[in-house]
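Visitor: Below are the structure tokens for one structure; questions will follow.
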Amino acid sequence: MKLGALTNDVAIDLGTENIRIYYKGTIIDEPCVIAYDEYNDNIVAVGNEAYEMLGKNPETFTVVKPLEGGVITDFEMACQLINALLGKVIGGVIKPRVVATVPCGITDVERRAVRDAVMAAEMREVYLMEAPIAGALGANCDVSLARGMMLVDIGGGKCNIATISVGQSVTGRLVRIGGNDFTQALIRKIEENHDLKIGVHTAERVKKEIGCAFQRENDETTVVSGYNVKTRKPEKIVIHSEEVREAFLELLDKIAKEIKTALDETPTELLGDIMEDGILLVGGASQLYGLAKKLRVDLGVKVFLAEDAEACPVRGAGLVAENIDKMSENNSYVFTKC
Ligand SMILES: Nc1ncnc2c1ncn2[C@@H]1O[C@H](COP(=O)(O)OP(=O)(O)OP(=O)(O)O)[C@@H](O)[C@H]1O
Ligand SMILES: [Mg+2]
């Protein structure tokens, strides 16, 4: 399968932080945020524009993230956001079919919420596929083989650990830890160490610029501005990469422990394949500097970071969207028509 067949069908990877849409060879990536005026029943902004308003919006409207921990928590807002972004991407073409990703390990009600939210945008048909399988396909892995592979998708709100064989997940663990938790841990650590309150956007920048899961060869630094909670004055300080790593340690250990449990629960035949081939990381937060190395050391298994890791799930779902008919004829297991 290859991308670029240019059907009208669409893929959506709906995430806690980002919504990604694949359409005709292009991936559109916007924050999963909507600004809504309840009084006038109006959408004020979606995606990037709404993200800029987070924490800065006037009382007349609310800025909402409709997903938490990888699942829809505000159904109405999720529908509005999907509808607005799909409209923006596909314009007025005939209603396409949609392949939407869902984490493995969620409830039927949570799966149905994704299907219903997409259907509310008046799409022709919805197919659901598990995000780890989409991630593996998007990383160019052949998931149809009778060979065990372990894929870990670490996004903004969740970590999804799956063992895959013959196009299906054999085991799936959903852990509600993601990049957002790293950002919040950093905010807490900086206040604890320096009495300095910093904003989410600043913490995100620091995490990506100098954050690390494994000690960097050279200590990196960056300047952050915030509000001193003791003096009640604005202040600028220098933060070191080691301090950021310390803030992340507890979360990193929890993720390693969950993967270890998933390995322990993997059927022996598949475990042998995973020990040989290693574990693949996808999702935005897996790009934290040194994460693959840290997990390799903790688990004693090879761990690889996929190229363009955050786009892997939508790329994989895009591949399926472009081949819906062919895959349906072949009774492919990787997706289900709903
Ligand atoms: N280079 C980086 N280093 C550390 N974290 C990063 C980096 N790039 C992105 N992230 C983090 O990745 C997260 C977003 O990842 P992604 O877009 O895969 O999440 P999502 O799909 O919206 O969420 P989920 O799959 O958990 O529902 C954010 O928390 C972001 O800060
Ligand atoms: Mg995701």
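The values are calculated or read from the model by the stated rules, or taken from the named source; none is laboratory data. Not measured: the values here are computed from a predicted model. All Cβ positions, even for glycine, are placed from backbone atoms using ideal geometry, and neighbour counts span all protein chains on display.
Visitor: Out of region 117-135, which residues are within 16 Å of ligand 1 (Cβ to nearest atom) and among the small types (Gly, Ala, Ser)?
Guide: Keep residues of region 117-135 that are within 16 Å of ligand 1 (Cβ to nearest atom), which gives 117-118, 128-135.
Within region 117-135, Ala117, Ala131, Ala134, Gly135 qualify.
Visitor: On to the next question. How do the pairs read when you match residues in region 177-201 that are more than 17 Å from Gly156 (Cβ to Cβ) and assigned to a helix (DSSP H, G or I) with residues anywhere that are within 16 Å of ligand 2 (Cβ to nearest atom) and not charged (D, E, K, R), using Cβ under 8 Å and keeping only pairs 6 or more apart or on different chains?
Guide: Cβ pairs passing all conditions: none.
Visitor: Another question about this same structure. Identify, by number, the condition in (1) within 16 Å of ligand 2 (Cβ to nearest atom); (2) assigned by TED's automatic domain parsing to the domain that holds Val282 that Val170 doesn't meet.
Guide: (1)
Visitor: Could you please give the count of residues in region 136-158 that are away from ligand 1 (no atom under 14 Å from the Cβ) and of a type in the set (A, V, I, L, M, F, W, C)? Steps first, answer last, please.
Guide: Step one: filter region 136-158 for residues away from ligand 1 (no atom under 14 Å from the Cβ), giving 136-137, 140-150.
So of that shortlist, the ones also of a type in the set (A, V, I, L, M, F, W, C) come out as 136-137, 141, 143, 145-146, 149-150.
Of the residues in that region, 8 qualify.
This table checks each residue for (1) among the hydroxyl-bearing types (Ser, Thr, Tyr); (2) in contact with a helix residue (DSSP H, G or I) (Cβ under 8 Å, 6 or more places away or on another chain); (3) farther than 17 Å from Leu319 by Cα.
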residue: Leu14; (1), (2), (3): no, yes, no
residue: Tyr22; (1), (2), (3): yes, yes, no
residue: Gly25; (1), (2), (3): no, no, no
residue: Pro31; (1), (2), (3): no, yes, yes
residue: Tyr36; (1), (2), (3): yes, yes, yes
residue: Tyr39; (1), (2), (3): yes, no, yes
residue: Ile43; (1), (2), (3): no, yes, yes
residue: Ala50; (1), (2), (3): no, no, yes
residue: Leu54; (1), (2), (3): no, yes, yes
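Visitor: Out of Gly55, Gly47, Gly25, Gly15, which single residue is touching a Leu at 6+ places or on another chain (Cβ under 8 Å) and closer than 17 Å to Asn180 by Cβ? Spell out the reasoning first.
Guide: Details: Gly55 fails: touching a Leu at 6+ places or on another chain (Cβ under 8 Å); Gly47 fails: closer than 17 Å to Asn180 by Cβ; Gly25 fails: closer than 17 Å to Asn180 by Cβ.
Only one candidate qualifies: Gly15.
Visitor: Here is a follow-up. Based on this model, can you work out whether Ala213 counts as touching a Leu at 6+ places or on another chain (Cβ under 6 Å), within 16 Å of ligand 1 (Cβ to nearest atom) and in a helix (DSSP H, G or I)? If you could, list the steps in order and put the result at the bottom.
Guide: Details: touching a Leu at 6+ places or on another chain (Cβ under 6 Å): yes; within 16 Å of ligand 1 (Cβ to nearest atom): yes; in a helix (DSSP H, G or I): no.
No; evaluated as a whole, the condition is false for this residue.
Visitor: From the list Ala35, Ala50, pick out the single residue that is more than 16 Å from ligand 2 (Cβ to nearest atom), modelled with pLDDT of 85 or more and touching a Ser or Thr at 6+ places or on another chain (Cβ under 9 Å). Reasoning before the result, please.
Guide: Details: Ala50 fails: touching a Ser or Thr at 6+ places or on another chain (Cβ under 9 Å).
After applying the criteria, what remains is Ala35.
Visitor: Here's another thing I want to ask about it. Mind checking which pairs have a first residue in region 253-280 that is farther than 21 Å from Ile154 by Cα and a second that is among the small types (Gly, Ala, Ser), Cβ under 6 Å, 6 or more apart or different chains?
Guide: Leu270/Gly148; Leu270/Ser165; Asp273/Gly148
Visitor: Another question, if that's okay. Looking at Ser332 and the list (1) in the same structural domain as Leu128 (by TED's automatic domain parsing); (2) at pLDDT 95 or above; (3) away from ligand 1 (no atom under 16 Å from the Cβ), which single condition is not satisfied?
Guide: With respect to (1) in the same structural domain as Leu128 (by TED's automatic domain parsing); (2) at pLDDT 95 or above; (3) away from ligand 1 (no atom under 16 Å from the Cβ), Ser332 is out only on (2).
Visitor: Looking only at region 166-176, filter to residues that are part of a loop (DSSP other than H, G, I, E, B) and under 22 Å from Phe335 (Cα atoms); which one of those is nearest to ligand 1 (Cβ to nearest atom)?
Guide: To start, the set of residues in region 166-176 that are part of a loop (DSSP other than H, G, I, E, B) comprises 166-167, 176.
Next, only the ones that are under 22 Å from Phe335 (Cα atoms) stay: 166-167.
Values: Val166: 24, Gly167: 21 Å.
Among those residues, the one meeting the criterion is Gly167.
Visitor: In addition: Looking at (1) loosely packed, with under 15 Cβ neighbours inside 10 Å; (2) more than 16 Å from ligand 1 (Cβ to nearest atom); (3) more than 21 Å from Asp116 (Cβ to Cβ), which is the one condition that is false for Val44?
Guide: Against the list (1) loosely packed, with under 15 Cβ neighbours inside 10 Å; (2) more than 16 Å from ligand 1 (Cβ to nearest atom); (3) more than 21 Å from Asp116 (Cβ to Cβ), Val44 comes up short only on (1).
Visitor: Moving on. Would you mind stating whether Leu291 is under 23 Å from Gln215 (Cα atoms), surrounded by 18 or more Cβ atoms within 10 Å (Cβ to Cβ) and in contact with a Leu (Cβ under 8 Å, 6 or more places away or on another chain)? I'd like the intermediate steps shown before the answer.
Guide: Values: under 23 Å from Gln215 (Cα atoms): yes; surrounded by 18 or more Cβ atoms within 10 Å (Cβ to Cβ): yes; in contact with a Leu (Cβ under 8 Å, 6 or more places away or on another chain): yes.
In short, yes.
Visitor: For residues that are in contact with a strand residue (DSSP E or B) (Cβ under 6 Å, 6 or more places away or on another chain), in contact (Cβ under 8 Å) with a residue 40 or more places away in the chain and more than 17 Å from Val71 (Cα to Cα), tally how many sit in region 163-176.
Guide: Narrowing region 163-176 to residues in contact with a strand residue (DSSP E or B) (Cβ under 6 Å, 6 or more places away or on another chain): 163-164, 169-175.
Those still in the list that are in contact (Cβ under 8 Å) with a residue 40 or more places away in the chain too: 163, 169-175.
Now drop any that are not more than 17 Å from Val71 (Cα to Cα), which leaves 163, 169-171.
The number of residues fulfilling the criteria is 4.
Visitor: Another one. Could you please give the count of residues in region 63-83 that are under 9 Å from Ile34 (Cβ atoms) and within 16 Å of ligand 2 (Cβ to nearest atom)?
Guide: 4
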